[in-house]
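What follows is a single structure, written as structure tokens, with notes after it.
Derivation of every value follows stated rules applied to the coordinates shown; laboratory data play no part. Quick caveat: nothing in here was measured; it's all calculated off a predicted structure. A quick note on method: Cβ atoms are made from the backbone with ideal geometry, for glycine too, and the neighbour counts reach across all protein chains shown.
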């Protein structure tokens, strides 16, 4: 048995309508901007989702470091464990993003287990098999006292039938809004906890996959994983899940869970739109600066990375602009010579940060924080 999808309230419907409107507006805006600039935003949002979802599970890697790892940079100062978890999650997330328009796509246990192997295959062991249902009990322990089980998942013998029911539910068509169905899928999977490890990230990824299949907006612009990874939101995430009970109790009203997700969708849409606007303003100011300094237009992408993320690596700039090694090195050295950028570190690990002559107007825009509103408080 799965949780019944609750009926939305008038307030829920209003918030969901506002989310739809923001996503539609962003889709139209993205169609009007240069592909290179929009691509940079996509890469950041993907890295931010990976960093945030992994952080919930205790793997702490900054978004900028995730971006570098995704770009193939080897000299990133993170532990081997964190690097492995980041690259595994990014691989799975990238695959999920490619499934958005597959015509003969189908939800089934094989697909879910294959995604789990992508995520956990590097940790596979007889005791904790990857890509297979768990063979024993699994618990979510209390963060303050690991000897206390905050949640006990259904017994292992019940998992195959529950996952078969979930796969059937995922493939069924109904009139529920796709974002609500995605939130419910997250709850179903995380509550069944079918694998020995990786259940939280798999549940968040399933939600992202369903958003991708909806097709309104690329999943990196709609995934709520980055929102869930903020400390206060992570705490509330566990609180809302915890109020579902210490054992699997699907015959209950989960309106609170749906409302929590609607807030997440709304505030993530606010966040992405604000970054889109801020990023565009920074690009515009840097383009003006490049003109006054007689800099090649391609250098704007390097300066934009520094303004928005705090640094740029030669390898990232080389990839972004499709340059050879010598061209990228020459460009960055020239910016350093002019004191627009300042080199940090040596050889392959070198990064470039804002120098004394970096345009302050661009930095001021990039550093301006966003104020998020509670969509239910506005109603």
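Taking the Cα atoms only, what angle lies between the long axis of helix 80-98 and the longest principal axis of the chain, rounded to 10 degrees? Helix 80-98 sits at roughly 80 degrees to that axis. Each label point was placed 7 Å from the Cα along the Cα-to-Cβ direction; for residue 230 and residue 17 their separation is 2.5 nm.
As a length-normalised measure over Cα pairs under 8 Å and 6 or more apart, the relative contact order of the chain settles at 20 percent. Using bins of 5 Å that start at zero, the share of Cα-Cα pairs per bin across the range 74-270 amounts to 1, 7, 15, 20, 21, 19, 11, 4, 1, 0, 0, in whole %. Residues of the range 141-155 with the amide nitrogen closer than 17 Å to a label point 7 Å from the Cα of residue 60, along Cα-to-Cβ, please. The answer is 143-144. Distance between the 7 Å Cα→Cβ label points at residue 360 and residue 110: 6.3 nm. Residues 184, 344, 163, 93 in ascending order of nearby Cβ atoms (within 10 Å, fewest first): 344, 163, 184, 93. Normalised by residue number, the volume inside the convex hull of the Cα atoms of the range 53-97 is 71 Å³ per residue. Tell me the Kirkwood radius of the range 85-174: reciprocal of the mean inverse pair distance over distinct alpha-carbon atoms, in Å. The Cα-based Kirkwood calculation yields 15.2 Å. With a simple spin-label model that places each label point 7 Å from the Cα along the Cα-to-Cβ direction, the separation between residue 370 and residue 147 comes to 4.5 nm. The value obtained for the range 262-379, namely the Cα convex hull volume divided by the number of residues, is 118 Å³ per residue.
Angle check, please: helix 255-292 long axis (alpha carbons) against the longest principal axis of the chain (alpha carbons), in degrees 0 to 90, nearest 10. So the inclination is approximately 10 degrees.
Based on alpha-carbon atoms, the Kirkwood radius and the radius of gyration of the range 20-114 give Rg/Rh equal to 1.03.
The angle between the Cα long axis of helix 159-171 and the main principal axis of the chain comes to about 60°, on a 0 to 90 degree scale. When Rg and the Kirkwood Rh are both derived from Cα coordinates, the Rg/Rh ratio for the range 122-196 amounts to 1.04.
Show me, bin by bin at 10 Å from 0, the whole-percent P(r) of the chain based on Cα pairs. P(r) over the chain, rounded to whole percents: 5, 22, 30, 23, 13, 6, 1. The mean sequence separation of alpha-carbon pairs under 8 Å and at least six residues apart, normalised by the residue count of the range 150-277, gives a relative contact order of 30 percent.
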